[in-house]
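Q: I have a structure I would like to understand better, so I am pasting it below and will then ask my questions one at a time.
Please treat every number below as a calculation from the coordinates, not as lab data. For clarity, every value in this text was computed on a predicted model and none was experimentally measured. Positions of Cβ are generated from backbone atoms using ideal geometry, with glycine treated the same way; all protein chains shown enter the neighbour counts.
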Amino acid sequence: MTWSKGVFTKLFDGNGDDFVSDVFISGNDMYSCGYGYRLVQNTQRYYAMIWKNKVIDTIYSGSNITELNGIYVQNNDVYAVGTRMDNTQLTNVAVIWKNGVATDLNKKPDYANAQAVYVTGSDVYVAGSLNGKAVIWKNGTPVYLTNYYSFGSTAYAVAALGSDLYTAGFEYMTTSKTKLGRIWKNGTAISLNDSLNTEIKDLFISGNDVYAAGTTYSSLTGTAKYWKNGVSTALTNGKKTAQANGVFVYGNDVYVAGNEDNSIAYIAKYWKNGIPVAVTDSTKTSYGQAIFVK
């Protein structure tokens, strides 16, 4: 489902469950992507889906289970990225779609997933993982952000500031078995405080400032946070599990989307300048995955 000005809309037509992973607004049109459980061509399973203005626009009905994780629109071209299970090659394939036409980013024996897409000029960047290492694809060519010693790492977000490319995610340190939240600038990790046991899920650039949203985990809970130029601000107190999944800056206001446990259910919410705003009631489980402010 999506929320707009406090009103939520189910992207559900009675045929199955839907999960929305990302949202993008271009002009007066709102695009959402994710996946849904559908009966298509006599086969019922999960299909990758795009909604335009809250109505199903595209269902990718290939022969393999597929999900969409990120969406971006430029000059009326709709880019979406995700992952499909290739039952023939027995591997996970990262895929980018442009206006519904799919391009695989890997093939067997490689395995991969694609999490986010960003377009600037004629260059298309995709963030994800390839063979267990965080990676960024530029126009289909992969560049690793981590090495063999950080197997299990992923890049979740990508954005550009001028000629500088920023990517965010986490690096899994196999020797210490810990996760380090990462922002990479042109492929090099930059300094962050509160990066231990952290996953960074989203990036936003406003002016010369780089914002990120993510979660720092303890053994029992998670603390939702955002970072501005590498310095973190906690949005929750860590007593109950919370997650920050998306960030957007509009004027002087910082919006972060996520969810928090209230002892009854996980509740989708957003924080505006650190102040929480619930977008559902307190009894039904919901998750805030992404945010776009216009």
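Q: Over the Cα atoms of segment 54-173, how large are the radius of gyration and the largest Cα-Cα distance (Dmax), in Å?
A: Just the Cα atoms of segment 54-173 yield Rg and Dmax of 14.1, 44 Å.
Q: Among Asn245, Ser26, Gly207, whose Cα lies farthest out toward the positive end of the dipole of the chain, if unit charges sit on the beta carbon of Lys, Arg (+1) and Asp, Glu (-1)?
A: Asn245
Q: Give me the compactness ratio for segment 20-121, meaning the Cα radius of gyration over 2.2 N^0.38 Å.
A: With N residues counted in segment 20-121, Rg over 2.2 N^0.38 Å equals 1.05.
Q: Among the aspartates and glutamates, which fall within straight-line cross-link reach of Lys52, defined as a Cα-Cα distance under 16 Å, with same-chain neighbours fewer than 8 residues apart omitted?
A: Asp13, Asp18, Asp22, Asp29, Asp77
Q: Loop only per DSSP, at most 11 neighbouring Cβ atoms within 10 Å: give me the trypsin sites (Lys or Arg not before Pro) in segment 182-243, ordered by residue number.
A: Lys239
Q: Taking the beta-carbon count within 10 Å as an exposure proxy, list Phe19, Phe24, Phe170, Phe204 from fewest neighbours to most.
A: Numbers: Phe19 17, Phe24 20, Phe170 26, Phe204 23.
Ordered from fewest to most neighbouring Cβ atoms within 10 Å, Phe19, Phe24, Phe170, Phe204 come out as Phe19, Phe24, Phe204, Phe170.
Q: Taking loop as defined by DSSP and a crowding limit of 16 other beta carbons within 10 Å, which trypsin sites (Lys or Arg not before Pro) in segment 58-156 fit?
A: Answer by residue number: Lys107.
Q: Hey, got the Cα dimensions of the chain along the principal axes, in Å, largest first?
A: Answer, in whole Å and largest first: 48, 44, 38 Å.
Q: Taking the alpha-carbon set of segment 111-197, what are its Rg and Dmax in Å?
A: Every Cα atom of segment 111-197 included, Rg and Dmax give 12.3, 40 Å.
Q: If neighbour count is taken as other Cβ atoms inside 10 Å, put Val277, Val254, Val117 in order from fewest to most.
A: If I rank by nearby Cβ atoms, fewest first, I get Val277, Val254, Val117.
Q: Leaving out same-chain residues fewer than 8 places away, which aspartates and glutamates sit with a Cα under 19 Å from that of Lys107?
A: Glu67, Asp86
Q: Here is a follow-up. Are any of the pairs Lys54/Lys269; Lys179/Lys240; Lys98/Lys138 more than 18 Å apart by Cα-Cα distance, and if so, which?
A: Those over the limit are Lys54/Lys269; Lys179/Lys240.
Q: Going by a ≥ b ≥ c, the root eigenvalues of the Cα gyration tensor, does segment 150-263 fall in the rounded group (a/c under 1.5), the prolate group (a/b larger than b/c) or the oblate group?
A: On the way: a/c = 2.21, a/b = 1.14, b/c = 1.95.
Oblate, since a/c reaches 1.5 and b/c is not below a/b.
Q: Treating cross-link reach as a plain straight distance, find the aspartates and glutamates whose alpha-carbon is under 15 Å from the alpha-carbon of Lys185, omitting any fewer than eight places away in the same chain.
A: Excluding near neighbours in sequence, the set is Asp164, Glu171, Asp202, Asp209.
Q: Rounded to a whole number of µm²/s, how large is the Stokes-Einstein D of segment 226-294 at 37 °C and 0.692 mPa s, given Rh as the Kirkwood radius over C-alpha pairs?
A: Rounded to a whole number, D works out at 268 µm²/s.
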